[in-house]
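What follows is a set of notes on a single structure, which appears directly below.
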Amino acid sequence: MNRRESLAGLAGLSLAVHTGRLFAAPEAGSRLLLVFLRGGYDAASLLVPTTSSFYYESRPDIAIAKPANDLVSCLPLVDGWGLHPALRETLFPYFQNSELAFVPFAGTHDVSRSHFETQDSMEMGQSLDGHRNYGSGFLNRLASVLKGSTPMAFTEQLPLVFQGDAKVPNTVLKSLNKPSVDARQSNIIASMYQGTALMGQVSDGFAARDEVMHELSAEMVAASRNAIAAKGFELEARRIARLMKDNFNLGFVDVGGWDTHVGQGAATGYLASRFDELGQGLKAFAQEMGAAWRTTTVVVLSEFGRTFRQNGNRGTDHGHGSVVWVLGGGIRGQRIAGQQVRVEPSTLFQNRDFPVLNEYRSVLGGLFQRQFGLTPEHVEHIFPGARPVDLGLL
């Protein structure tokens, strides 16, 4: 019994048994971790089109300022793009070191804007036309064509992306996220203003917050599908790295809490905190991987982006095009890759969202082909009907 079998057995896990008929030899030591942000994160806050006046007109309350010598402006990247300042200390250095790249205008051609339908569609990785197998995910199909693959889902339940013929173990990773101001703290703050001229405003503010959170919390929880919270991601990322560098070459983890309809914030606020927590986790993962980071690729994606214009609640609603992140010690980073267009009203999809110019299956197909030495037949098995596009990220 090898070390991986011993580990899985102690954890009460099922071992992978590959039943696929197509095999390819992966690069020795090559690893892939897919991080799925459930809830549809606002990609236009992550990757800021700094040369677009339309961006600043559309987001009077939530736009990220152009690069400047302060802590609240976006960080200069390349080609008129900027990075959210919350990632200054965590992921920006990886971009500067050519270990991080972004693919904007990316996503699926599914236009339902439904969390559940789009998440399922992306995890299956199948064509939107014709018959679809709801019991077959694209990472499972990847595992089935890689000789000697060792997959693991770091989730409470086996996600759809890893369901299929190859038997994939999963282990529970769960962290609860507490509100920044709980009921006890709210009462203390309210008592401080009791009998003052601001008492009404404070009470109204807490009442409005409670009403909004009551209405939206169920949707956010459902959209997250029991994914760990970003606040707990750093510790979990270190645990994932310890397992992957010695035992598993294919991993999946999902992170929830990205459905920002209300009070999204700009350089600071709710979304900025999620970016900071996610960045802390990804940095911790890279550090914990040690020498194995050189042959590890991390892909971060979400089911869709969000509306380009802010809504009346200083948030954003369900959109379409998003931004895919690609990190790794061996990637050709410090780039904004893929097809792009200037951000202006005429280029929005349905006059509201980023368009999808870089279909995620094509992007991932090209990336997998390069990383694992897959043949066109293998890519067709993993992403039926997709045409892989090599963006030169590896």
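The values are calculated or read from the model by the stated rules, or taken from the named source; none is laboratory data. Nothing here was measured: the structure is a model prediction, and the numbers come from that model. Every residue, glycine among them, receives a Cβ derived from its backbone with ideal geometry; neighbour counts consider all protein chains shown. We work out accessible area using only protein heavy atoms, side chains counted, and drop any ligands, DNA or RNA first. Shrake-Rupley method; radii C 1.70, N 1.55, O 1.52, S 1.80 Å.
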Across (1) open to solvent by 40 Å² or more (accessible area, probe 1.4 Å); (2) part of a helix (DSSP H, G or I); (3) not hydroxyl-bearing (S, T, Y), Q340 clears everything bar (2)
Just give me the residues in the range 145-156 being touching a strand residue (DSSP E or B) at 6+ places or on another chain (Cβ under 7 Å) and farther than 24 Å from T375 by Cα, in sequence order.
A153, F154, T155
Could you say which residue among D110, D129 is open to solvent by less than 20 Å² (accessible area, probe 1.4 Å), part of a loop (DSSP other than H, G, I, E, B) and of a type outside the set (S, T, Y)?
D110
Using the structure shown, decide if L393 is closer than 21 Å to F105 by Cβ and touching a residue at least 40 places away in the same chain (Cβ under 8 Å).
yes
Of the numbered conditions (1) touching a strand residue (DSSP E or B) at 6+ places or on another chain (Cβ under 7 Å); (2) of a type outside the set (D, E); (3) open to solvent by 40 Å² or more (accessible area, probe 1.4 Å), Y134 satisfies every one except a single condition; which is it?
(1)
The correct count of residues that are of a type outside the set (S, T, N, Q) and under 17 Å from L139 (Cβ atoms) in the range 371-394 is 11
Considering each residue of the range 289-300, count those that are farther than 30 Å from G263 by Cβ and either among the basic types (K, R) or open to solvent by less than 10 Å² (accessible area, probe 1.4 Å) (or both), and give that number.
4
Would you check if there is a residue in the range 301-320 being open to solvent by 10 Å² or more (accessible area, probe 1.4 Å), part of a helix (DSSP H, G or I) and modelled with pLDDT of 95 or more?
no
Could you tell me whether the range 60-68 includes any residue that is over 28 Å from S346 (Cβ atoms), in a loop (DSSP other than H, G, I, E, B), open to solvent by 10 Å² or more (accessible area, probe 1.4 Å) and in contact with a helix residue (DSSP H, G or I) (Cβ under 7 Å, 6 or more places away or on another chain)?
no
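Is one or more of the residues making up the range 361-376 among the basic types (K, R) and in contact with a helix residue (DSSP H, G or I) (Cβ under 9 Å, 6 or more places away or on another chain)?
yes
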Is the range 264-275 home to any residue that is in a helix (DSSP H, G or I), touching a Phe, Trp or Tyr at 6+ places or on another chain (Cβ under 8 Å) and open to solvent by less than 10 Å² (accessible area, probe 1.4 Å)?
yes
Restricting attention to the range 364-388, which residues are surrounded by fewer than 20 Cβ atoms within 10 Å (Cβ to Cβ) and in contact with a strand residue (DSSP E or B) (Cβ under 9 Å, 6 or more places away or on another chain)?
G373, T375, R387
Determine whether the range 74-92 contains at least one residue that is more than 24 Å from V298 (Cβ to Cβ) and open to solvent by less than 10 Å² (accessible area, probe 1.4 Å).
no
Which residue pairs have Cβ atoms under 6 Å apart, sit 6 or more places apart or on different chains, and have a first residue in the range 335-361 that is over 26 Å from Q126 (Cα atoms) and of a type in the set (D, E) and a second that is part of a helix (DSSP H, G or I) and at pLDDT 95 or above?
E344/F54
Residue check, A286 open to solvent by 20 Å² or more (accessible area, probe 1.4 Å) and hydrophobic (A, V, I, L, M, F, W, C)
no
Restricting to the range 377-394, what's the tally of residues that are in contact with a helix residue (DSSP H, G or I) (Cβ under 8 Å, 6 or more places away or on another chain) and either more than 19 Å from G130 (Cβ to Cβ) or assigned to a loop (DSSP other than H, G, I, E, B) (or both)?
10
